[in-house]
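> Before I ask anything, let me first share the structure, which is written out below as C-alpha cells.
Please treat every number below as a calculation from the coordinates, not as lab data. Small disclaimer: the values here were computed from a predicted structure and weren't measured. Glycine also receives a Cβ, built like all others from the backbone with ideal geometry; neighbour counts cover every protein chain displayed.
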Amino acid sequence: MQEQYDPQDLERQAQRFWQENDSFAASDDFTREKFYCLSMFPYPSGKLHMGHVRNYTISDVIARYQRMLGKNVLHPMGWDAFGLPAENAAIANRTAPATWTYANIDDMRRQLQALGFSFDWSREIATCRPEYYRWEQWFFTRLYEKGLVYKKMSTVNWDPVDQTVLANEQVIDGCGWRSGAPIERRDIPQWFIRITAYAEELLDDLEKLEHWPEQVRTMQRNWIGKSRGANLRFDLESSVAGVDSLEVYTTRPDTLMGATYLSLAAGHPVSLAMAEENPALAAFIDECRHGSVAEADLAQQEKRGMDTGLKAVHPLTGDLLPVWVANYVLMDYGSGAIMAVPAHDQRDWEFATRYGLPLRVVVSDDNGNAPDITRESYTGRGRLINSGEFDGLEFEAAFDAIAAALEARGAGEVTTQYRLRDWGVSRQRYWGSPIPMLNLPDGGEIPIPEDRLPALLPEDVVMDGVSSPLKSDPQWRQFDLDGIACERETDTFDTFMESSWYYARFTCPDYEDGMLDSDRANYWLPVDQYVGGIEHAILHLLYARFFHKLMRDEGLITSSEPFTRLLTQGMVLKDGAKMSKSKGNTVDPQALIDAYGADTVRLFSMFAAPPEQSLEWSDSAVEGANRFLKRLWRLVTGHVAAGPAPPLDVAALNDAQRDLRRKTHATIAKVSDDYGRRLTFNTAIAAIMELCNDIGRLDADSDQSRAVIHEALDAVVRMLCPIVPHLCHHLWRMMGGDGDAMVAAWPTVDESALARDSIEMVVQVNGKVRAKMSVPADIDRDGAETAALAQENVQRFIEEKTVRKVIVVPGRLVNIVVG
C-alpha cells in the first residue's frame, strides 16, 4: 500500500481500468431506467480551458451519480467541428481546415480523457464527418418538400474582407468581429427555414420546461416576441410603381393620432422606384448599405434620412404625412415601413428632432399631464390626449377603439405578430456542410436526390483567404442530374444546424439507414440533464427546440422538447475578469493536472462556487483542494493499515460513536439532495469535509469505533466518487470494495441512525442567545419552556422583569420575550 498520495500514478491506473473495461459504454437496454446527461459539445480549438473543465466536470459528476443510483446512463461527447475559425486558422497556418480540425480533435480528446470524464467515446461524433452531415442534408431536403424551406433575397451583414455574412452578434461597433472592417448591408439570396411556423408552439411549450432557469425561458419569450397589434394602411396621395398604399404594423395603435410622418426602408419598392428619378436619393440608399442590420446597432446609430416628396393619407384624420426613407428601418423587419410617432418612440424622436419634423404628444404621463419630450420621447402608457374622440381612454380601451375605427374604414385590423424571424441558414464560406440544392439552368432550384447524398465537402483544399474553395472550383460546382447540367449551391449551412440535432444523433451514431433509429432515439430522448453556458440561452437552445419539433413531425421521435432539465454554469474568472487569451489571464488545465492531478482540478472546480455562479480562480484554493485529498488518503490508508474493521453492533455504541454515525447518515441525506435535486456540489463537498473532520476526531481505540469509522469512510468514498473518481477508485478497493466504485450502490440513509436521545436547543431572551441546553429529544413545548426558564444565565436576564411571551420552536430554540 502506497504511503504517499501519488495522483499521477493512481489516475493512470484508474483510467486504464476504465478503458479496458469499457466502463462508460451506454447500453441500449430498453428494460432499464435511463438517464441521458449531456454537456454542450465544444468547438475543437485545440486546447482545453478552465471553462471546459468546469462544464464537463459538472456533467460528469451528475452522470456518475446517476450511475451509482443504478440507472442506465448515456454521457456522450463530440465536436462542433465546422465554422469560420477553422478557415482563419488554416490560412494562418497554411494548412487545410480539415487537417487543422482533426488534429485539434485528437489533442482535445486526450486532454478530456486525462481528466477522467466518463464519456462514452464509442459514440463520438464530429459534425464535419460526412456520416453526420449527410442526414442533416437529407432532412433539409425533406423540409424543402414540405414547404418549410425557401430561398429569398435578404439584407445581411456583409464582411467585405472575410467575404461572408455575419450574424448580428459578430458585428461589433459596426465592424466585423474578426477582420475589423466596416460591414456593409448587402442583399443576397439566402436559404431560410420557417421557424415562424412554430412560433406559437415554441412559446407555449416554454411553460412545460419547469426545470429550466426562468432567466432562460424569459430570454426565449422575449426573442420570440409575441405581440398584439394592428396592421394599418396609409393610402398614398399618388401611386408609385403600382403601389397605392403603405402597410404598417404597430403594437401601439393608441398613438396613431401622434403619427407625423412615415419612414421606409432603403430597400422598400417605393424607395427604389423613387430613387430611379432622384440621384440624391439613390446615393443615400447606397449609403444605407453600409452599417449593421442588428436592431441594437440600428437603435444606436445616427438617424439619417431623405424626404421622398411623397405624401401618405392618415387613415383617421385624412392629414397628409410626408414619406421619408430612413436608415433605421429595415426591409426584413415587418413590411419595411413604419408610422413614425416621434413623441412616443425614441428612434423616431431622434430622427424628427434632427430634421425638424413635428412631435405631437397624444399620451399623458403618470400624473395625467402632457409629458416633457424636450430631451427624449415618452414611451409609457397613459390616457390619450390631443386625440379627438379618443381623448381620456386608457391604453386597452384606446387600442380597441382605434382598431375598431380602422376596421370600420377598411384601413386596418387587429393582428398578432412575432418578433421572431425565419432562420437564415446560408453562410458564404467553405468549412461547413454544403447546402444540398441544385440551381437549374433555366432558373429555380431542386434538392439533390436522396440517393446522391451526401453532397461531400472536399477536404483537400487550399485557402487563399479571399473566396470559398467551393465557389472557385468549377468542377465541384457541376452536377449532372439525369442529363441536365445543374450547378451546386455553393453556400454552406450555418453551424447552428449541426448543433441543433447532435444530441439526438448521439442516441444512434452508428445508424446508417436513416437520420435516427427511432427505437433508440425514443428510449434515450429527451435529454434528462443538459449543461452549458448562458450565452447559448437563445439561439442554440431555441433552434434545438425547433429542430426537435421538426424531427417529431417527420416521425423520427415522439417527444416534443429536447432537454428536460437545463443547468447554465457560470464563467471562470481571474482577478474579477473572464479568463481569455486576449486578457492573458488563462490557466492551463494540463499544467494543473501535471502538478496536482486531475482529481484536485475537479474538486476545486466543484467546490469553489455553486455551478450556476461564476467561479473566481484561486491558486490557494487549488492547493487547499489538494491538501484535503492528501488528508483523505491518510485517513483511509491509516484505517486500513490497522486491519479489517469488525462488524458494526449498533446496540453497543457509546455516545461519541452514535454521534459520528448520526453525522454520517445526516451527511448522506444532505449530499444525496445536493447531487440530485439541488445540483449544489459545493455544499455537498463542504458537508463531506465536515464529516471527515468528525471522523478524525473519534479515537479509534475500540472495535466499535473502528466499525463506525469504517462505515463513515465507506460513505465518504462513495459520495466523493463522482467528483474525485480516480482517488475513490483506489480507496474503494483498498477498503474491500469489489470491482469499480463507480458502479457501487449509492449509500443509503439509515433513518434509525438519525434518532437522538437528546437534542441541543438554543435559548434566547428578546432574540439574543443567552444559553444552550441539552434536553430529551421528545420534549414537549411545556417542558422546553420550563427548562429554558431554569437556565442560570437566562435567569440573569429575566429577573425583575415581566415575561410577556415564550415562543418555542420545537427541536430548535426557545425565545423568551420580557419587558
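> What's the ranking of 666-678, 752-764 by average number of surrounding C-beta atoms within 10 Å, highest first? Write down the numbers at each step before the final one.
Working: 666-678: 18.0, 752-764: 15.0.
So the peptides 666-678, 752-764, ranked by packing, come out 666-678, 752-764.
> As a footprinting exposure proxy, order 208, 71, 303 by other Cβ within 10 Å, with the fewest listed first.
Details: 208 11, 71 17, 303 20.
Result, fewest neighbours first: 208, 71, 303.
> May I pose another question? Taking amide H atoms as placed 1.01 Å from N in the peptide plane, list the residues 5 or more away in sequence, or in a different chain, whose amide H sits under 5 Å from that of residue 572.
Residues meeting the criterion, in which the H sits 1.01 Å from N, are 579, 615.
> Specify the inter-centroid distance of the range 211-285 and the range 756-802, based on alpha-carbon positions, in whole Å.
Answer, in whole Å: 73.
> Also: If you average 1/r over every pair of different alpha-carbon atoms in the chain and take one over that average, what Kirkwood value in Å do you get?
Numbers: mean 1/r = 0.0316 Å⁻¹.
Its Kirkwood hydrodynamic radius stands at 31.7 Å.
> State, to one decimal in nm², a quarter of the convex hull surface area for the C-alpha atoms of the range 758-818, i.e. the direction-averaged projected area. The partial results should precede the final answer.
Details: hull surface 13.6 nm².
If you wrap the Cα atoms of the range 758-818 in a convex hull and average its projections, you get 3.4 nm².
> Related question: Taking Cα pairs under 8 Å and at least six residues apart, what relative contact order does the range 42-172 come out at, in percent? Before the final figure, lay out the partial values.
On the way: 103 pairs, mean separation 35.0, N = 131.
For the range 42-172, the relative contact order is 27 percent.
> While we're on this one: About its Cα centre, how strong a charge dipole does the chain have in debye, to the nearest 20, once Lys and Arg get +1 and Asp and Glu get -1 at the Cβ? Kindly include the intermediate steps, with their values, before the conclusion.
On the way: 85 positive and 120 negative charges, 415 e Å.
Roughly 2000 debye for the chain.
> Right, something else. Can you give the local net charge around residue 163? Use residues other than it whose beta-carbon is closer than 10 angstrom to its beta-carbon, Lys and Arg +1, Asp and Glu -1. The partial results should precede the final answer.
On the way: positive: 429, 471; negative: 159, 162.
So the surrounding residues net to 0.
> Let me ask another. Of all beta bridges DSSP finds with both residues in the chain, what is the antiparallel percent, to the nearest 5? Can you show the working numbers first?
Values: 74 of 97 bridges.
Bridges in the chain are about 75 percent antiparallel.
> How far, in degrees from 0 to 90, does helix 395-408 lean away from the longest principal axis of the Cα atoms of the chain, to the nearest 10?
30 degrees
> Rounded to the nearest 5, what % of DSSP beta bridges with both residues in the range 226-418 are antiparallel?
Numbers: 27 of 30 bridges.
If I count the DSSP bridges inside the range 226-418, around 90 percent turn out antiparallel.
> Okay, next question. For the range 667-709, how big is the tail of P(r) above 17 Å, as a whole percent of Cα pairs?
Values: 378 of 903 pairs.
Tail fraction, whole percent: 42.
> Considering amide H positions built from the backbone, and no H for Pro or chain starts, which residues 5 or more places from residue 226, or on another chain, come under 5 Å of its amide H?
Amide H neighbours of residue 226: 419.
> Local charge sum around residue 721 (other residues, Cβ-Cβ under 10 Å, Lys/Arg +1, Asp/Glu -1)?
Values: positive: 64, 67, 718; negative: 740.
Counting the neighbours of residue 721, the net charge comes to +2.
> Given the rule -39500 (n - 2.57) for each run of at least 4 DSSP H residues, summed and divided by the residues of the chain, what is its mean residue ellipticity at 222 nm, to the nearest 500 deg cm²/dmol?
Details: 27 runs with 299 residues, N = 819.
One gets -11000 deg cm²/dmol as the mean residue ellipticity at 222 nm.
> Mind checking the full-extension length gain between residue 795 and residue 642? Use 0.36 nm per residue of separation minus the Cα-Cα distance, one decimal, nm. Numbers along the way, then the final one.
On the way: separation 153, 0.36 × 153 = 55.08 nm, distance 5.04 nm.
Gain on extension, residue 795 to residue 642, equals 50.0 nm.
> Which length gain, in nm to one decimal place, applies between residue 802 and residue 131 when the Cα-Cα distance is subtracted from 0.36 nm times their residue separation? Please report the intermediate quantities before stating the final value.
Working: separation 671, 0.36 × 671 = 241.56 nm, distance 8.36 nm.
Computed gain between residue 802 and residue 131 is 233.2 nm.
> To the nearest 20 Debye, how big is the dipole of the range 758-818 about its Cα centre, given +1 on the beta carbon of each Lys and Arg and -1 on that of each Asp and Glu? Spell out each step's value before the answer.
Numbers: 9 positive and 8 negative charges, 69 e Å.
In total the dipole reaches around 340 debye.
> Moving to a separate point now. Cβ neighbours within 10 Å, averaged per peptide: list 245-258, 387-400 in order, most packed at the top. Don't skip to the end; give the middle numbers.
On the way: 245-258: 22.2, 387-400: 16.1.
Going by the mean number of other Cβ atoms within 10 Å, highest first, we get 245-258, 387-400.
> Pull up all non-local amide H partners of residue 308: gap of 5 or more, or a different chain, and H-to-H distance under 5 Å with H placed in the peptide plane.
For residue 308, whose amide H was placed from the backbone, the distant partners under 5 Å are 323, 324, 325.
> Place a point 7 Å from the Cα of residue 277 along the Cα-to-Cβ direction; which residues of the range 233-255 have their backbone N under 12 Å from it?
238-242
> If one computes the Cα centroid of the range 111-157 and of the range 668-692, what distance in Å separates the two points?
Using only Cα atoms to place each centre, the spacing works out to 38 Å.
> Okay, moving on. Using 10 Å bins from zero, what percent of all Cα-Cα pairs in the range 226-418 falls into each bin?
Histogramming the range 226-418 at 10 Å steps yields 9, 36, 38, 15, 2 percent.
> Ok, one more. Tell me the relative contact order for the chain as a rounded percent, counting alpha carbon contacts under 8 Å between residues six or more apart.
On the way: 1466 pairs, mean separation 115.5, N = 819.
With pairs under 8 Å counted, the relative contact order is 14 percent.
> Let me ask you something else. Order of 779-790, 622-633 by packing, highest average Cβ count within 10 Å first?
On the way: 779-790: 16.0, 622-633: 18.1.
Listed from highest to lowest mean packing, they are 622-633, 779-790.
> Note the angle between two axes, namely the Cα long axis of helix 50-68 and the longest principal axis of the Cα atoms of the chain, as a number of degrees from 0 to 90, rounded to the nearest 10.
Long axis of 50-68 versus the principal axis of the chain: about 60 degrees.
> Sum up the charges of everything whose Cβ sits under 10 Å from the Cβ of residue 179, counting Lys and Arg as +1 and Asp and Glu as -1, but leave residue 179 out. Let's see the in-between values first.
Values: positive: 178; negative: 159, 162.
In short, -1.
> Treat the count of other C-beta atoms within 10 Å as a stand-in for reagent exposure and order 23, 239, 39 from fewest to most.
Working: 23 19, 239 13, 39 25.
Lowest count first: 239, 23, 39.
> Another one. If each of residue 659 and residue 121 carries a label point 7 Å out from its Cα toward its Cβ, how far apart are those two points in nm?
Once both label points are built, they end up 4.9 nm from each other.
> Now a separate question. Just to verify a number: FRET efficiency for residue 413 and residue 219, C-beta to C-beta distance, R0 = 45 Å, to 0.05?
Details: r = 31 Å, r/R0 = 0.68.
Here the calculated transfer efficiency is 0.90.
> Helix 619-641: angle to the longest alpha-carbon principal axis of the chain, degrees 0 to 90, nearest 10?
Result, in degrees: 40.
> Among 362, 331, 397, which residue has its Cα furthest toward the positive end of the charge dipole of the range 329-421, with +1 on Lys/Arg Cβ and -1 on Asp/Glu Cβ?
The listed residue farthest towards the positive side: 331.
> Given contacts defined as C-alpha pairs under 8 Å and at least six residues apart, what's the relative contact order of the range 758-818, whole-number percent?
Details: 107 pairs, mean separation 25.4, N = 61.
42 percent.
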